[in-house]
Amino acid sequence: MVVSEPIKMGFIGCGNIANSHMNAIERIPEIEIVAGADIKVERAREFVEKAGAEAYFTDWRQMLEEIELDAIDVCTPHTLHMEPTVAAAQRGIHVFTEKPMATELEECDRMIAACQDAGVILMVGQVLRFYAPHIEARRIVSSGQLGQIKNVVRRRWGYMKDVPSEPWSGDPELSGGWLLYGMGSHAADLILWMTDSEATNVFAMGRQINPSWDDVDEVTIQMELANGAMALQTHCLNCYAHAWDLAVNGTDDGLYVNGETLIVGGEEQHVPMQEGGGMYTQLAEFASAVLEGREPEASGKDVRRTYALLEAAKLSMKEGRIVDASQL
Ligand SMILES: NC(=O)c1ccc[n+]([C@@H]2O[C@H](COP(=O)([O-])OP(=O)(O)OC[C@H]3O[C@@H](n4cnc5c(N)ncnc54)[C@H](O)[C@@H]3O)[C@@H](O)[C@H]2O)c1
């Protein structure tokens, strides 16, 4: 679908992350925000006013019906990404959707197929791929400097006593598992992208410890990767000892990333986040891909492996067995 500049974009969901996207888009002249839809009318109105646009809606279907759009940006709760993506694709509209792509692999497949059939771009907001320290770490891993990759660990541990401000995160109907799909989708994607691999055997355990969550609030996923490495991602909302880091070990060397600190070969380096941060870089990538008519980084097709891994983890937690993600 050929698009000329500026890309006319409509937002679906005008909450927290939509506002971060709007701030990032201020630096991207190739995108013009022309409309916004949110079930909370005040949010939609304030959002479009701030964006310098006029058209706001409480029903995204009406927005697709009435406004001429080149692209949508889906920023709704987790389980509400598939429907607008498919509806927009069927109208020839390109799609950027926040992570997770969806909370069921079958829905991811429907999104990929709809966008492929319509010849429109589907990009998923796997923003960690766009952080400068991660880009540098991946460059080192791909260069072979660490040797053959054998082991990867990604931790995100924190303490969150109460469900965050938006009640949907504690509601499995809307979150599809907030910890697994909210935090887990970032970590799963980082591991697979960093190692350029996919998951095979997956074993996951989840626990519900804090009664304010109507869902598991601690999850650990152990996996084997197609390249032979072992990997672990671990997430916790009840951990007094915080951690938010990545370790990659190979036959010759290892690296460790924590924020903007990268340690490789025993040497500590500071790798600053690029100007505008990951949010800006990923939306700029979406704009270039739409204008150039090419597949973007973190396309729906590419991140399917991430959601196969999460589907396997979900099944594993439910059934207490090892699940082969490569068969899903
Ligand atoms: N990349 C990141 O680091 C990051 C950070 C935060 C959130 N996110 C993702 O962004 C998405 C939204 O999260 P958030 O924190 O902005 O949540 P939020 O609650 O702040 O915003 C979601 C908005 O969607 C609206 N909404 C709900 N149902 C709707 C519908 N049917 N039609 C239109 N609007 C509807 C809500 O009223 C709300 O304003 C989630 O998928 C989340 O995982 C990503």
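The values are calculated or read from the model by the stated rules, or taken from the named source; none is laboratory data. It should be emphasised that the depicted structure is a prediction, and the values quoted were computed from it without experimental measurement. Here the Cβ is made from the backbone with ideal geometry for all residues, glycine too, and neighbour counts use every protein chain on show.
Structure summary
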{"item": "Qualifying residue in region 100-109 (condition: crowded, with 20+ Cβ neighbours inside 10 Å, assigned by TED's automatic domain parsing to the domain that holds Ala55, of a type in the set (S, T, N, Q) and within 12 Å of the ligand (Cβ to nearest atom))", "result": "yes"}
{"item": "Residue match in region 156-179 (condition: more than 11 Å from the ligand (Cβ to nearest atom), within 25 Å of Glu297 (Cβ to Cβ) and outside any strand (DSSP E or B))", "result": "no"}
{"item": "Unique match (being without any contact (Cβ under 8 Å) to a residue 24 or more places away in the chain, of a type outside the set (A, V, I, L, M, F, W, C) and within 24 Å of Lys301 (Cβ to Cβ)) among Glu83, Glu66, Glu98", "result": "Glu83"}
{"item": "Unmet criterion (only one of (1) over 30 Å from His270 (Cα atoms); (2) in the same structural domain as Val257 (by TED's automatic domain parsing); (3) part of a helix (DSSP H, G or I); (4) not hydroxyl-bearing (Ser, Thr, Tyr)) for Ile135", "result": "(1)"}
{"item": "Any hit, region 158-165, residues being in the same structural domain as Ala312 (by TED's automatic domain parsing), surrounded by fewer than 20 Cβ atoms within 10 Å (Cβ to Cβ) and at pLDDT 90 or above", "result": "yes"}
{"item": "Residue match in region 43-65 (condition: crowded, with 19+ Cβ neighbours inside 10 Å, in a strand (DSSP E or B) and either at pLDDT below 95 or not β-branched (Val, Ile, Thr) (or both))", "result": "yes"}
{"item": "Hits in region 42-55 - residues which are of a type outside the set (Asp, Glu), more than 10 Å from the ligand (Cβ to nearest atom) and out of contact with any Phe, Trp or Tyr (no Cβ under 7 Å at 6 or more places or on another chain)", "result": "Lys50, Ala51, Gly52, Ala53, Ala55"}
{"item": "Cβ-Cβ under 9 Å pairs, at least 6 apart or on other chains, region 19-35 side within 12 Å of Val48 (Cα to Cα), far side hydroxyl-bearing (Ser, Thr, Tyr)", "result": "Ala35/Tyr56"}
{"item": "Only listed residue being of a type outside the set (Asp, Glu) and closer than 24 Å to Gln148 by Cβ, chosen from Gln327, Gln233", "result": "Gln233"}
{"item": "Residue tally, condition within 12 Å of the ligand (Cβ to nearest atom), assigned to a loop (DSSP other than H, G, I, E, B) and either surrounded by fewer than 24 Cβ atoms within 10 Å (Cβ to Cβ) or at positive phi (or both), over region 71-95", "result": "1"}
{"item": "Residues of region 234-293 satisfying the condition of being surrounded by fewer than 17 Cβ atoms within 10 Å (Cβ to Cβ) and of a type in the set (S, T, N, Q)", "result": "Asn238, Thr251, Asn258, Thr261, Gln269, Gln274, Ser288"}
{"item": "Selection count, region 96-128, where residues are outside any helix (DSSP H, G or I) and within 21 Å of Gly182 (Cα to Cα)", "result": "14"}
{"item": "Subset of region 1-37 [in contact with a Lys or Arg (Cβ under 9 Å, 6 or more places away or on another chain) and either away from the ligand (no atom under 16 Å from the Cβ) or not polar (S, T, N, Q) (or both)]", "result": "Gly13, Cys14, Gly15, Ala18, Met22, Ile31, Glu32, Ile33, Val34, Ala35, Gly36, Ala37"}
{"item": "Selected residue (only one of Ile221, Ile191 is in contact (Cβ under 8 Å) with a residue 40 or more places away in the chain, under 20 Å from the mean Cα position of the chain (by Cα) and in a strand (DSSP E or B))", "result": "Ile221"}
